[in-house]
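Following: one structure in structure tokens, then a few remarks.
The values are calculated or read from the model by the stated rules, or taken from the named source; none is laboratory data. These figures come from a predicted structure and were not determined experimentally. Reconstructed Cβ throughout: ideal geometry from the backbone, glycine too, with neighbour counts over all protein chains shown. Surface accessibility is based on the protein's heavy atoms, side chains included, excluding ligands, DNA and RNA. Shrake-Rupley method; radii C 1.70, N 1.55, O 1.52, S 1.80 Å.
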Amino acid sequence: QVQLVESGGGLVQPGGSLRLSCDASGTVFSIYHMGWYRQAPGKQRELVAGITNGGITNYADSVKGRFTISRDNDKNTVYLQMNSLKPEDTAVYYCNVVAGTGRYWGQGTQVTVSS
């Protein structure tokens, strides 16, 4: 089992920045992919960014050039640096890991972009 705890969400003005963090604990040795998803009201959950153990990243087209995913394998933490935020980035952001023992989700953290 893997437990995930997210932090870093909040209210920010358009054009601002936030950094999300997700700390993993438990059977972390079996994790091979970490990522962030988001879900806006009335919409399906969508992948924002992902990163493999080897550091290969992928991003949704809507966030390319603005968001950066990174991970600290020593701390078992994945980050999402979000710059140039737009109102359409408003959503609940969820940390996700894929491990040998299954797929796990964090509890979600709200990001609101509004003036």
Open item on the list: I'm checking my understanding of the structure. Among residues of the range 23-36 that are more than 14 Å from Thr68 (Cα to Cα) and open to solvent by less than 40 Å² (accessible area, probe 1.4 Å), which one is nearest to the chain's Cα centre (by Cα)?
Closed with: Ala24
Open item on the list: Tell me yes or no: at least one residue of the range 37-56 is open to solvent by 60 Å² or more (accessible area, probe 1.4 Å), free of Cβ contacts under 8 Å to residues at least 40 places away in the same chain and of a type in the set (S, T, N, Q).
Closed with: yes
Task: Selection count, the range 92-110, where residues are touching a Lys or Arg at 6+ places or on another chain (Cβ under 8 Å) and surrounded by fewer than 22 Cβ atoms within 10 Å (Cβ to Cβ) - done: 3
- [ ] Hey, could you check the range 64-76 for residues that are more than 21 Å from Val28 (Cβ to Cβ) and over 12 Å from the mean Cα position of the chain (by Cα) and say which is most open to solvent (accessible area, probe 1.4 Å)?
- [x] Lys64
